[in-house]
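The structure under discussion appears below in the form of structure tokens.
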Amino acid sequence: MKKIVMTGGGTAGHVTPNIALLPALRNEGYEISYIGSYDGIEKRLIEEQGIPYYGISSGKLRRYFDPKNFSDPFKVLKGYSQSIRLLKKIKPDVVFSKGGFVSVPVVLAAKHCKIPAIIHESDLTPGLANKLAIPSATKVCCTFPETLNYLPQEKAVLTGSPIRRELLKGDAAHAFALCRFSDHTKPVIMIVGGSSGSRAINTAIRGLLPELLKSYNIIHLCGKGNLDSSLYDVSGYAQFEYANQELADMFALADLVISRAGANAICELLALHKPNILIPLSAAASRGDQILNANSFRSQGFSYVLEEEDVTNTTLLEAIEYVFEKKNDYIAAMKNSASRNSIDTIVGLILNASRK
């Protein structure tokens, strides 16, 4: 039986594309194992899939001063040694990495063990973890055409981002019942602030609720620990920390989505042809990758972009009204985009690497 080790973690965005690949890999007869951090979000998400999970030491390599910069390199070295031992034990034919700092020692260990490694970069420009991993990779998959300019030509493959196929099979009626909405005539706005939520987006939406609820039903995925108990019984407003299986149903019900601009999230919106407003994480709180992602989607006519610093009750309401007015234009642009069968393309690369 062919064997594959998958890796990636730190955020859900470094895990969900791996999960999207699982059915196709199983169909190809792969025995799948996963290497992640001891207690990162990837551990729970992967164990829910029934995949053998191995935790290793991991440290974050930062571009700024932090006392942990002195200790984390030793964690990475320990993770590298652990990864070598695990790869020698599992004996995979190929390693597939979705990025995140836990993946760096795994990809380096794969090169040491002479195992081909394929990595995937979701954002428009490679993050630090993937920059460190690229020299050890045999192929580098990417989501945006612009990313090809930042990758070694002989390794780069434009694949798009793997989308969980179940997201395309949602049942709007199920979501309507789950949210306990009573008015079928109102369009639905869905807010997705990421697994930890966004204070700026949550505050803006809740500040606008009295105005929004006059015309819309609201699904608000506000992030862990961000539920507002004072709003539990507000008609037309349904708040959840996060969504799992019910996410597909919520997407099916939504007429407009307000979202952060992580690459996986926006690629899901593109695949679903959902009119959307992107509020990228600010450059002050990130390396600016979400801003680049959002601007790429705006330039292609897929998204309306509102910078976090510009979010007010007025600007957000104006954006919502504008996108609803132009929603058919956004839908047409997304339907006319050059769609790629990301899963088949990536699995094809994995199969080719396994044969060598």
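The values are calculated or read from the model by the stated rules, or taken from the named source; none is laboratory data. Given the structure is predicted, the values throughout are model-derived calculations rather than measurements. Please note: Cβ atoms are built from the backbone with ideal geometry, for glycine as well, and neighbour counts cover all protein chains shown.
For the range 227-262, a residue qualifies if it is touching a Pro at 6+ places or on another chain (Cβ under 6 Å) and either surrounded by 21 or more Cβ atoms within 10 Å (Cβ to Cβ) or not in a loop (DSSP other than H, G, I, E, B) (or both), and the qualifying residues are LEU256, ALA261. State which residue is surrounded by the most Cβ atoms within 10 Å (Cβ to Cβ) when the search covers only the range 198-210 and only residues that are of a type outside the set (Val, Ile, Thr), part of a helix (DSSP H, G or I) and within 20 Å of the chain's Cα centre (by Cα). That would be ASN202. Per the conditions (1) farther than 19 Å from ASN18 by Cα; (2) touching a residue at least 12 places away in the same chain (Cβ under 8 Å); (3) in the same structural domain as ILE346 (by TED's automatic domain parsing); (4) not β-branched (Val, Ile, Thr), the sole criterion not satisfied by ASP171 is (3).
Would the range 187-201 turn up any residue that is of a type in the set (S, T, N, Q) and free of Cβ contacts under 8 Å to residues at least 60 places away in the same chain?
Yes - at least one qualifying residue is present in the range 187-201.
Reported count of residues in the range 318-341, each being more than 15 Å from LEU269 (Cα to Cα) and either assigned by TED's automatic domain parsing to the domain that holds GLU146 or modelled with pLDDT under 95 (or both), is 1.
Residues of the range 22-77 that are part of a loop (DSSP other than H, G, I, E, B), modelled with pLDDT of 90 or more and surrounded by 21 or more Cβ atoms within 10 Å (Cβ to Cβ): TYR30 alone. Residues in the range 211-226 that are surrounded by fewer than 18 Cβ atoms within 10 Å (Cβ to Cβ) and modelled with pLDDT of 95 or more: 4 in all.
Is it the case, given these coordinates, that GLU268 is part of a helix (DSSP H, G or I), of a type in the set (Asp, Glu) and surrounded by fewer than 22 Cβ atoms within 10 Å (Cβ to Cβ)? Here the answer is no, as GLU268 does not meet what is asked. Number of residues in the range 202-247 that are of a type in the set (D, E, K, R) and under 24 Å from ALA319 (Cα atoms): the value is 3. When the test is whether a residue is aliphatic (A, V, I, L, M) and modelled with pLDDT of 95 or more, VAL311 does not pass it.
Of all residues in the range 1-18, those that are under 17 Å from HIS120 (Cα atoms), modelled with pLDDT of 95 or more and surrounded by fewer than 21 Cβ atoms within 10 Å (Cβ to Cβ) total 0.
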